[in-house]
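Notes to accompany the following structure.
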Amino acid sequence: MNQTESQPKDLLLKPNRAVGIVGYGAYVPQYRLPAAEVARIWTDGQAALPIKEKSVPGLDEDVATMSIEAARNAMKRARIPADQLRAIWVGSESHPYAVKPTSTIVAEAIGAAPHIQAGDWEFACKAGTEAMVAAIAFVGSGMANFAMAIGMDTAQGRPGDALEYTAGAGGAAFVFGPAETSLAIVEHTYSFVTDTPDFFRRQYQKYPEHAQRFTGDPAYFKHITNAAQTLLEASGTRPSDYRYAVFHQPNLKFPQKVAAQLGFTKEQIAPGLLVGNIGNTYAGAAIIGLTAILDIAEPGDRILVVSFGSGAGSDAFSILTTDAIRERRDLAPKTKDYIARRMPIDYAQYVRQRGKLTIK
Amino acid sequence: MEIPRHWRIRKQRYGLVGEVCPHCEAKLFPPRDVCPECGKDAREPYHFSGRGEVFSFTTIYEPPAGFEEYAPYTVALVKLEEGPIVTAQLTDVNSKDIKIGMPVEMVTRKIRTDGDERGMIVYGYKFRPVLQEA
Ligand SMILES: [Zn+2]
């Protein structure tokens, strides 16, 4: 018998110094590929569609450029000089370089270099929330007053694969700082991780591999459920204590099902459920949902955020908005502004924009 | 090998950082250390707002080497709200929708790749139609 096994209340991650979200910003590229276009090419239009459409990056966009725009939006809301940031961490599975950090490009572009930590994080779709927990700890320990974490992806699916319908582009940036300057306080976090090979991409491979049926129960549902239930139990809260909840969203079905299983209503998850209109933005998926919620939340609203990354694990956050949310959210474009900025493309244009077309 | 040149001008190109003249407050872009208005020293860095309007434009269908993959694209003279006129690509817009006087805002995008797919990615400012409120 394991004598040192933790009690649930000991499992919560909580910084010594209270930390909150000081600024946040979203980004979604303007191009949209309707799922019906993918079905038209590969199934004579017969396939059931997992979403309406997904966002597609322009020819001149990648995780660095998209992170820069989200970071600029976050800084507009944070209202701090860029040189006050002591870390910029970018979580993604589509960093533009195999070797050379995205985070240094972002830091330089927003004027935060050179007195800064910078690094790129990887953990499939939870690379962004992994960076967020680290940024909370960095501020919470007192080592830094302000730290930025970003989750951003330009996900790729193999042509004709189920993932091609949903693999989208977008994400969000968050500036963490002392709770008293924040628009939302991070009450606590909890992370649940196991070694589960549900989805992976080997070095030099362009497209990921996934175990179709294996991606559901033992991966997505197991990790999100454990992370959410442990956080609820350990913090003595129930779903009804939360105004909103947002879960990783690889399609429309999974987040709605896991929310219902956990006891959350459709109304609680509706504002953060964006996958139907922008696709699965991988490291950006749960947290861009959070930005859409912050755009409409009232002071005192409690929000549950649970990410999922294949490989596999989930990070859960309990976040409580402050009075500052009202004035701060209007300082940068809202997430719905980016979703409404929509230019539909056909499969041919998509093939060109995603580099699936060889011209030399 | 152009890496050193890309590196030296990264600040002005990523974020539209120019200079302001401490004597007459003229805003300079690109930075040139001497004020074109009063002829005095001007070395104070200045972050431009990134907002401006299309002053003139032309669409490129036969791009120079290194830009083939982006064609067709539009190059514009953009008059910044602080005064200077900069030459830059427009992005996120169809060439048929571009008009003189159209309000635009600066974004940082990929400009090109240095050489082939093994080369450095060059990032810099472009302008797009101002994001609308939904
Ligand atoms: Zn002068």
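The values are calculated or read from the model by the stated rules, or taken from the named source; none is laboratory data. Given the structure is predicted, the values throughout are model-derived calculations rather than measurements. As a convention, Cβ positions derive from the backbone with ideal geometry for all residues, glycine included, and neighbour counts pool all protein chains shown. Side chains included, ligands, DNA and RNA excluded: accessible areas come from the protein's heavy atoms. Shrake-Rupley method; radii C 1.70, N 1.55, O 1.52, S 1.80 Å.
Here are a few things to note about the model shown:
- Residue match in region A:204-212 (condition: charged (D, E, K, R), open to solvent by 40 Å² or more (accessible area, probe 1.4 Å) and closer than 26 Å to A:Glu69 by Cβ): yes
- Residue in region B:1-19 that is within 16 Å of the ligand (Cβ to nearest atom), open to solvent by 80 Å² or more (accessible area, probe 1.4 Å) and under 16 Å from the mean Cα position of the chain (by Cα) present: no
- B:Asp97 falls short of the stated requirement of being within 16 Å of the ligand (Cβ to nearest atom), among the charged types (D, E, K, R) and at pLDDT 90 or above.
- Restricting region B:55-75 to residues that are open to solvent by less than 30 Å² (accessible area, probe 1.4 Å) and farther than 18 Å from A:Gln30 by Cβ leaves a set whose member that is modelled with the highest pLDDT is B:Ala71.
- Answer residue from region A:316-338, given it is within 14 Å of A:Ala292 (Cβ to Cβ) and in contact with a strand residue (DSSP E or B) (Cβ under 7 Å, 6 or more places away or on another chain) and is nearest to the other protein chains (Cβ to nearest Cβ) among those: A:Tyr338
- Candidate set from region B:103-134 (those that are facing chain A (nearest Cβ under 9 Å) and of a type in the set (A, V, I, L, M)); member that is least open to solvent (accessible area, probe 1.4 Å): B:Val107
- Subset of region B:20-54 that is away from the ligand (no atom under 16 Å from the Cβ), open to solvent by 70 Å² or more (accessible area, probe 1.4 Å) and within 14 Å of another protein chain (Cβ to nearest Cβ) - its residue that is farthest from B:Lys99 (Cα to Cα): B:His47
- Any hit, region B:91-102, residues being part of a strand (DSSP E or B) and more than 10 Å from every other protein chain (Cβ to nearest Cβ): no
Conditions (1) touching a residue at least 24 places away in the same chain (Cβ under 8 Å); (2) under 29 Å from B:Tyr73 (Cβ atoms); (3) buried (at least 24 other Cβ atoms within 10 Å of the Cβ), marked per residue:
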position	(1), (2), (3)
A:Pro34	yes, yes, no
A:Trp42	yes, no, no
A:Ala48	no, no, no
A:Leu59	yes, yes, no
A:Glu69	yes, yes, yes
A:Ala82	yes, no, no
A:His95	yes, yes, yes
A:Lys100	no, yes, no
A:Thr104	no, yes, no
